[in-house]
Amino acid sequence: MGPTRNVAVGLFVAGGIALFGLGLFLIGDRKRLFEDSFVVFAEFERLAGLQDGARVRVAGLGAGEVLSISFPQSPEAKFRVEMRVIEDLHPLVRTDSVALIQGEGLVGSQLVEIGAGSESAPKVEEGGTIDSREPFEMADLMAKASDVAETLSTTIVSVGDQPTVAAALAAKALGLPHNPPEATAACRNKFRARELLRAAGLRVPRFARFPIGGDPDPREIVVAVGFPCVLKPLCLSASRGDSSWVSICRVSSAAACA
């Protein structure tokens, strides 16, 4: 082997070693391996695909990596995640900080996000354990959507008191769980509901029905019914329409006593 070839081989080997060292340095710099750091733990029931070496962020800033994941020893135990975090961000990691597993973007790998703690809480100690929040997975969303769809497919829910009778009739026609339409109609009419309650032997306050308009005069209604009394519309729920009638009732009482 000639001198020239020996020099070429030497340069090739030296270049390879230099590139290897540069790559090692870049990887270490990206993972912040050459900075002072501390270790903190968090426990999770589910890992959502988190692996050793995953990134760790503190308040959104790259802060370290996952060193190891210890498996639970019983169904009640949790996965214990060991994380290395750079010392510069130690003042943000407090005893009330919360760790969350989340993805980088829609299809990115999983990482651990540690939220900044409060000013009143002390810094977490070296090797301390912080609280965690379970990761949210797309499967959870799909399961919830499936539950909602199943509920909607087996139930008819009316919004407000006016469509209740129509909802009861529709549910009856479809064979879904429902209240009897006759009972639903009676519940919408305060006068009819009180008649049925009284007929069933239940005690109800005295009541009377009067037409809307100027005849009879509100003062005559007050005298006929007696005190105390409240005037209500027949079909509105949740006390809607009561206030205006109560004010008329007060005006009528004043006029009747004059």
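The values are calculated or read from the model by the stated rules, or taken from the named source; none is laboratory data. Since this is a predicted model, take the numbers as computed values, not measurements. Cβ sites come from the backbone with ideal geometry, for glycine too, and all protein chains shown count toward neighbours.
For segment 1-84, which fully contained strands (runs of 3 or more DSSP E) count at least 2 residues that are among the small types (Gly, Ala, Ser) and modelled with pLDDT of 90 or more? Show your work before the answer.
On the way: elements: 37-44, 55-58, 61-70.
Where strands (runs of 3 or more DSSP E) fall fully within segment 1-84 and carry at least 2 residues being among the small types (Gly, Ala, Ser) and modelled with pLDDT of 90 or more, they are 37-44, 61-70.
Has segment 125-137 got at least one residue that is assigned to a strand (DSSP E or B) and either at pLDDT below 85 or among the small types (Gly, Ala, Ser) (or both)? It would help to see each step written out before you state the result.
If we filter segment 125-137 for residues that are assigned to a strand (DSSP E or B), which is where we start, we get 128-133.
Subsequent filtering for residues that are either at pLDDT below 85 or among the small types (Gly, Ala, Ser) (or both) retains 128, 132.
The answer is yes; a qualifying residue exists.
So for segment 79-96 (the condition being among the basic types (Lys, Arg) and surrounded by 18 or more Cβ atoms within 10 Å (Cβ to Cβ)), does at least one residue qualify? Checked against the condition, which is being among the basic types (Lys, Arg) and surrounded by 18 or more Cβ atoms within 10 Å (Cβ to Cβ), segment 79-96 yields at least one hit.
Looking at (1) more than 31 Å from the chain's Cα centre (by Cα); (2) assigned to a helix (DSSP H, G or I); (3) modelled with pLDDT of 70 or more, find the lone condition where GLY201 falls short. If we test GLY201 against (1) more than 31 Å from the chain's Cα centre (by Cα); (2) assigned to a helix (DSSP H, G or I); (3) modelled with pLDDT of 70 or more, just (2) comes out false.
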